[in-house]
Amino acid sequence: MNTHPHTAAAGASIAESADAVYTRIAWRFLPLLFACYVVAYLDRVNVGFAKLQMLNDLQFSEAVYGLGAGMFFIGYFFFEVPSNLLLHKLGARRWIARIMITWAVLSMCTAWVSTPMHFYLLRFFLGIAEAGFYPGMLLYLTYWFPSHRRGRMVALLTAGNPVSGIVGGPLSGYIMTATAGVAGMHGWQWLFILEALPGILLGVMVYRRLDDRVAHATWLSAEDRARVQFDLDMEGKTRTHGSVSQVFRSGRVWLLSLILFGIVMGSYALSFWQPTIIKGTGIKSPALIGFMTMIPYTAALIGMLLVGRSADKRRERRWHVIVPALFAACGFVLCANTAGSSVLSMLGLTMAAVGIISALPMFWALPTSFLGGVGAAAGIGLINSTANLAGFVSPTVIGWLKGQTGTLSSGLYLVAGSLTLSAFLVWAFIPARVVNR
């Protein structure tokens with residue numbers, strides 16, 4: 001049947017008008033949320049850079065450091081779901097601002113730890129303070145963007161991960177070098193202090209800038225607010241608006257937790273062991289190693305944006321998780337078999353980074369496509385908190401296997417297997433009709 005020219009033109013005009021509205025919304029929030037995400041990752045990983053100095057200064061053992069680093073994820077796990085429920089109840093503006101300011105203050109306090117117990121307690125409470133931040137922002141995006149527009153938004157937000165990897169190493173190294181001895185303090189102390197300040201500033205900006213819901217957006221016309229709300233309401237009819245107890249009993253939610261756990265295993269393997277893999281190829285200079293770690297993250301940033309655009313254009317989600325996860329698995333296998341070759345190791349690391357960082361934002365299109373309301377708040381929090389236990393498991397298991405075998409190969413194979421299992425579970429158990437809209 002032929003479409004009347006005037007009807008087609010009217011449809012195109014409506015689509016262009018909708019695109020303009022959602023572009024305006026994106027420019028209103030995404031730059032601020034992106035900056036928050038970059039600072040969040042800097043504050044999360046700067047303890048790894050501080051370790052280069054603080055262990056000697058405080059006479060901490062590697063075991064003390066490892067336990068303290070892991071305590072973050074314990075606090076994070078227990079308070080993720082309550083944090084997301086409070087965000088849903090109190091509003092994103094207040095709760096995300098609270099998260100940022102409290103975690104920044106606690107991160108700053110790490111500059112004055114003096115005993116292992118101080119270190120353990122601060123890391124535990126830092127996990128509590130940051131719990132709900134990333135899933136809270138994902139939940140916030142569901143208040144403004146329907147699923148077929150959200151993949152690209154999540155990809156843009158999650159670009160903060162590779163960007164922090166690109167700038168974090170050089171920045172942290174410079175701070176520790178340039179501030180050593182200033183006011184009688186060590187460089188690692190200034191690292192915690194200076195990198196916490198942007199978190200406090202951005203927390204204030206979030207409180208002043210974010211709107212909790214579409215209805216509160218006075219900077220949109222009444223017609224535009226109605227259009228966006230209509231899109232969200234139509235999508236909301238297909239979601240599960242269950243209770244918190246129903247979410248905890250949902251087999252699909254626990255399945256998604258397992259899928260994300262496998263992907264996060266790869267993410268933390270990359271974060272904790274990338275310098276070791278590069279050093280194993282014969283490169284000894286810390287400065288050169290730091291520079292080379294920028295290469296995989298730069299490629300990952302580009303890959304993630306392209307995958308997000310492709311997913312939204314095709315309105316397809318499952319294969320945009322499956323293919324990147326398998327690509328990352330191949331990268332880890334390559335790393336396990338290229339000891340001594342800098343070129344092949346960097347190729348494997350780049351494949352792993354591109355695959356993992358592309359798969360993560362695409363994964364979050366799966367639960368947000370069928371969870372809504374308080375079900376989304378609890379479900380997203382449960383999935384993220386459970387999966388982030390991989391932040392404790394991944395480095396611990398890989399380190400133990402390295403101690404037993406003398407190489408990283410067995411640990412890298414384990415991570416590749418985890419990613420492959422996640423890809424299989426998406427293919428086998430996540431129906432396309434639910435998520436590809």
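Please treat every number below as a calculation from the coordinates, not as lab data. None of these values were measured; they are calculated from a predicted model. In this analysis, Cβ positions are derived from the backbone assuming ideal geometry, glycine residues included, and neighbour counts consider all displayed protein chains.
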Worksheet entry | Among 93-103, 306-316, the order from most to least packed when residues are scored by Cβ within 10 Å on average | 93-103, 306-316
Item to complete: Along Cα→Cβ, 7 Å out, is where each label goes; now give me the distance between the ones at Ile283 and Gln53 in nm to one decimal.
Response: 2.4
Response to the item:
Toy charge model, Lys and Arg Cβ at +1, Asp and Glu Cβ at -1: the chain dipole around Cα centroid in debye, rounded to 20, equals 680
Worksheet item: Which whole-number percentage describes the relative contact order of the chain, with Cα contacts under 8 Å and a sequence gap of 6 or more?
Response: 23
Discussion item. Could you work out [θ]222 nm for the chain from helices alone, using -39500 (n - 2.57) per DSSP H run of at least four and dividing by all its residues? Round to the nearest 500 deg cm²/dmol.
Written reply: -27500 deg cm²/dmol
Worksheet entry | Gain on full stretching of the segment that runs from Thr276 to Leu344 - 0.36 nm per residue minus C-alpha separation | 23.0 nm
Discussion item. For a protection proxy built on the mean count of beta-carbon atoms within 10 angstrom, sort 151-161, 400-410, 421-431, 347-357 highest first, please.
Written reply: 347-357, 151-161, 421-431, 400-410
Fill in: Length added when fully stretched, Leu258-Arg28, from 0.36 nm per residue minus Cα-Cα
79.4 nm
Worksheet item: Just how many pairs of Lys in the chain have C-alpha atoms closer than 25 Å, counting pairs that are eight or more places apart or on different chains?
Response: 7
Discussion item. Largest first and in whole Å, what are the equivalent-ellipsoid semi-axes of the stretch 96-138 based on the Cα gyration tensor, each being the root of 5 times an eigenvalue?
Written reply: 22, 10, 5
Worksheet item: To the nearest whole percent, what portion of all C-alpha pairs in the chain is separated by more than 43 angstrom?
Response: 12
